[in-house]
């Protein structure tokens with residue numbers, strides 16, 4: 001395994017303790033993605049594609065939160 005990949009694994013899968021600023025960013029991201037998901041629900045016809053659109057928004061929210069989290073310093077692991 002390369003050293004670069006090992007560092008990336010530690011950074012992306014390590015524990016990143018949050019703080020008040022990060023919590024506010026998470027809340028704003030959730031609010032905006034939730035608003036967009038409600039808009040999709042209102043304007044798109046029911047069916048598979050609408051369900052996929054909402055699923056992809058859920059995935060995008062998760063990855064957005066992860067992007068913020070991994071930008072924070074690593075902290076001690078919690079057990």
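Just to verify a result, which residue in the stretch 20-46, among those that are in contact (Cβ under 8 Å) with a residue 12 or more places away in the chain and over 16 Å from the mean Cα position of the chain (by Cα), is nearest to residue 70 (Cα to Cα)? I'd like the intermediate steps shown before the answer.
Start the filter on the stretch 20-46 by keeping residues that are in contact (Cβ under 8 Å) with a residue 12 or more places away in the chain, which leaves 22, 25-26, 29-30, 33, 36-37, 40-41.
Those left that are additionally over 16 Å from the mean Cα position of the chain (by Cα): 40-41.
Numbers: 40: 29, 41: 31 Å.
Result: 40.
Might you let me know whether the stretch 47-61 holds any residue that is part of a loop (DSSP other than H, G, I, E, B) and either free of Cβ contacts under 8 Å to residues at least 12 places away in the same chain or in contact with a strand residue (DSSP E or B) (Cβ under 6 Å, 6 or more places away or on another chain) (or both)? Full working, then the answer.
Keep residues of the stretch 47-61 that are part of a loop (DSSP other than H, G, I, E, B), which gives 47.
Applying the additional criterion that residues be either free of Cβ contacts under 8 Å to residues at least 12 places away in the same chain or in contact with a strand residue (DSSP E or B) (Cβ under 6 Å, 6 or more places away or on another chain) (or both) yields 47.
Looking for residues that are part of a loop (DSSP other than H, G, I, E, B) and either free of Cβ contacts under 8 Å to residues at least 12 places away in the same chain or in contact with a strand residue (DSSP E or B) (Cβ under 6 Å, 6 or more places away or on another chain) (or both), one finds at least one in the stretch 47-61, hence yes.
Write out, first by first residue and then by second, each pair whose Cβ atoms fall under 9 Å of each other, whose residues are 6+ apart or on separate chains, and whose first residue, in the stretch 4-17, is farther than 15 Å from residue 78 by Cα while the second is assigned to a helix (DSSP H, G or I).
Between residues of the stretch 4-17 that are farther than 15 Å from residue 78 by Cα and residues that are assigned to a helix (DSSP H, G or I), the close pairs are 11/70; 12/66; 12/70.
Bear in mind these aren't lab numbers, they're just calculated from the coordinates by the rules spelled out. Everything quoted here is computed from the prediction, not taken from an experiment. Please note: Cβ atoms are built from the backbone with ideal geometry, for glycine as well, and neighbour counts cover all protein chains shown.
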